[in-house]
Amino acid sequence: MNIWARKPVEELCSEAGVAGEVTALPRSIGVFALTCIGIGSTVGAGIFVLTGNVAAEHSGPAVGLSLLLASIVCLLAGLCYSELAAMIPVAGSAYSYTYATMGEGIAWTVGWCLMLEYLFSASLVAISWAGYTQSTLHQLGIDLPAAWMSAPFDVKDAWHIYRTTTWVNLPAMLVTAACTLVLLGGLKTSARVNNVIVVAKVSAILVVVLVGAGHVHTALWHPYIPPNTGTFGAYGWSGVFQGTAILFFAYIGFDTVSTMGQEARNPQRTVPLSLLLGLGICAVLYLAVSFVVTGLVGYHDLDVPDPMYLALDRVGPTVLWAKSLVGFVAVVGLVSVLLVTLMGQIRIFYAMGRDGLLPAAFARVHPRTRTPHIGTIVTGVVSCIAAGVLPLGLLGDIISMGTLLAFGIVCGGVLVLRRTRPDLRRPFKAPGGIWVPLAGALCCAGLMATLPKLAWVGFVVWLVIGLTVYGLYGATRSKLQRVAGL
């Protein structure tokens, strides 16, 4: 077994270009739909939930600064993603890129991290949706049974996991199941649904920001960076940086664009353009919302599942219509996040099944809908279970850890491929020579170092499980290893 065995770029591109077979994913989406996929998977739990959580526990009013730093790191990673996506327009995103640059062992690690990113971020989004749905129904005078509204476990003091009095988060499970059914209908149907929801929720968020901006109390922004409490990550500059690492999760959606590379029309142009355009739009929306929310509510009070709703509630009854709009944006808008996040995970499963590292059933495409139906069902079932039983606080940090590692490896992959394959055509090339990919890799590593201890423990456990699965299954069934006779 050679864990450094690399899959040639030409072979990856050849597989993606196969047409006329039921095993090939059709190229059916353009710039607008692909940009909406990026925005749809990015503007979600980060803007609706994590902004308030990070402000309350880490950054204070400087959550806007944390978001700005996170967007800069994402821009560095996005430029590297764009270079690789234009060269290797296939399903699998960072997993496929790493297979071509650093070998099978690291590719498996990245693929396993992407599973952590997509499967559990889908669960986090579903939990966020459930929280906003409860608030919206409460506003209408409808209260659902508390025993079925949240996870049976929670996290206290960033370390202790304890049992709650509830049984399961049933709404989160139901919305995940509904999105899975939509995805089984095919990519075109899913993309059209997502396009409509994205346009509606971006428009609604802009309206809410404009309304809230007129009632901002600038005194709530002082001190902008609250003094550190004596604990790393609890306000001060360490809080700003730890908040940046946690909020990095808010931007991971742009990675979904690259997972769709095999289904994009003219991918050498479409994928980089959609990546960067979606990232820019999301950064502007995030910053605007963070300034308004922290200007309407004291940051200590923002550790709630629905901070935007709370902020408008503090304004008073004159903006009751805006509160209803927030409910609409969250309840409907988070559905598109969940839909596209599940879509990204399905493509990761497809790529790994194609290479033999996971069962071949994951790469099986339905002859009528032309979608990987087995991977869709498995993704939906696992995400349903996670959404029902896992707590919100535990998911965000661990997801950020896996995402940062995957993004850092992608930045390193650009450097490796430039050195080992300078002959390859690069329709898009990240500017700045070696400095952009190098800075991206170092920033990702630095942000990983600031994450809480529990995130590291959970991530190490996840990696150990992944390496065990690779050793027992993937390494022995890898198509690349069999061809090489290893």
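The values are calculated or read from the model by the stated rules, or taken from the named source; none is laboratory data. Keep in mind it's a predicted model, so treat the numbers as computed, not measured. As a convention, Cβ positions derive from the backbone with ideal geometry for all residues, glycine included, and neighbour counts pool all protein chains shown. Remember, those area values only see protein heavy atoms, side chains included, never the ligands or the DNA or RNA. Shrake-Rupley method; radii C 1.70, N 1.55, O 1.52, S 1.80 Å.
Things to note:
- Residue in region 32-45 that is modelled with the highest pLDDT, counting only those that are over 14 Å from Lys188 (Cα atoms) and part of a helix (DSSP H, G or I): Thr35
- Checking Ala445, Ala449, Ala439, Ala406 one by one, the residue that is within 20 Å of Trp108 (Cα to Cα), open to solvent by 30 Å² or more (accessible area, probe 1.4 Å), within 25 Å of the chain's Cα centre (by Cα) and not aromatic (Phe, Trp, Tyr) is Ala445 and no other.
- Any hit, region 321-330, residues being of a type in the set (Ser, Thr, Tyr), at pLDDT below 85 and assigned to a helix (DSSP H, G or I): yes
- For Gly471, the criteria (1) farther than 16 Å from Gly111 by Cβ; (2) surrounded by fewer than 18 Cβ atoms within 10 Å (Cβ to Cβ); (3) small (Gly, Ala, Ser) hold in every case but one, which is (1).
- Count of region 312-359 residues which are hydrophobic (A, V, I, L, M, F, W, C), closer than 21 Å to Val125 by Cβ and either touching a Lys or Arg at 6+ places or on another chain (Cβ under 8 Å) or open to solvent by less than 10 Å² (accessible area, probe 1.4 Å) (or both): 13
- Inspection of region 243-265 finds a residue satisfying the criterion of being within 25 Å of the chain's Cα centre (by Cα), of a type in the set (D, E, K, R), part of a loop (DSSP other than H, G, I, E, B) and modelled with pLDDT under 85.
- Considering region 159-192, the residues that are under 14 Å from Val337 (Cβ atoms) and of a type in the set (Ser, Thr, Tyr) include one that is surrounded by the fewest Cβ atoms within 10 Å (Cβ to Cβ), namely Ser190.
- Breaking point among (1) open to solvent by 10 Å² or more (accessible area, probe 1.4 Å); (2) under 24 Å from Leu342 (Cβ atoms); (3) touching an Asp or Glu at 6+ places or on another chain (Cβ under 9 Å), for Leu114: (1)
- Within region 214-247, being among the small types (Gly, Ala, Ser) and either without any contact (Cβ under 8 Å) to a residue 40 or more places away in the chain or open to solvent by 60 Å² or more (accessible area, probe 1.4 Å) (or both) holds for Gly214, Ala219, Gly230, Gly236.
- Checked against the criteria, Val460 does not count as among the β-branched types (Val, Ile, Thr) and over 29 Å from Val54 (Cα atoms).
- The conditions of being within 19 Å of Val31 (Cα to Cα), among the hydrophobic types (A, V, I, L, M, F, W, C) and in contact (Cβ under 8 Å) with a residue 40 or more places away in the chain are met by Ile281.
- Number of the condition not met by Ile399 [criteria: (1) assigned to a helix (DSSP H, G or I); (2) over 21 Å from Thr176 (Cβ atoms)]: (2)
- Of all residues making up region 360-380, the number that are under 22 Å from Trp462 (Cβ atoms) and either free of Cβ contacts under 8 Å to residues at least 24 places away in the same chain or open to solvent by less than 30 Å² (accessible area, probe 1.4 Å) (or both): 4
- Taken as a whole, region 295-302 holds at least one residue that is closer than 28 Å to Ile127 by Cα and open to solvent by 70 Å² or more (accessible area, probe 1.4 Å).
- Residue match in region 262-279 (condition: open to solvent by 20 Å² or more (accessible area, probe 1.4 Å) and farther than 30 Å from Gly186 by Cα): no
- Scanning region 453-464 for residues that are without any contact (Cβ under 8 Å) to a residue 60 or more places away in the chain and open to solvent by 40 Å² or more (accessible area, probe 1.4 Å) returns Trp456, Val457, Val460, Val461, Val464.
- Of all the residues in region 193-211, those that are of a type in the set (Gly, Ala, Ser), in contact with a helix residue (DSSP H, G or I) (Cβ under 8 Å, 6 or more places away or on another chain) and open to solvent by 30 Å² or more (accessible area, probe 1.4 Å) number 1.
- Sole residue being within 23 Å of the chain's Cα centre (by Cα), outside any helix (DSSP H, G or I) and not hydroxyl-bearing (Ser, Thr, Tyr), chosen from Val335, Val340, Val304: Val304
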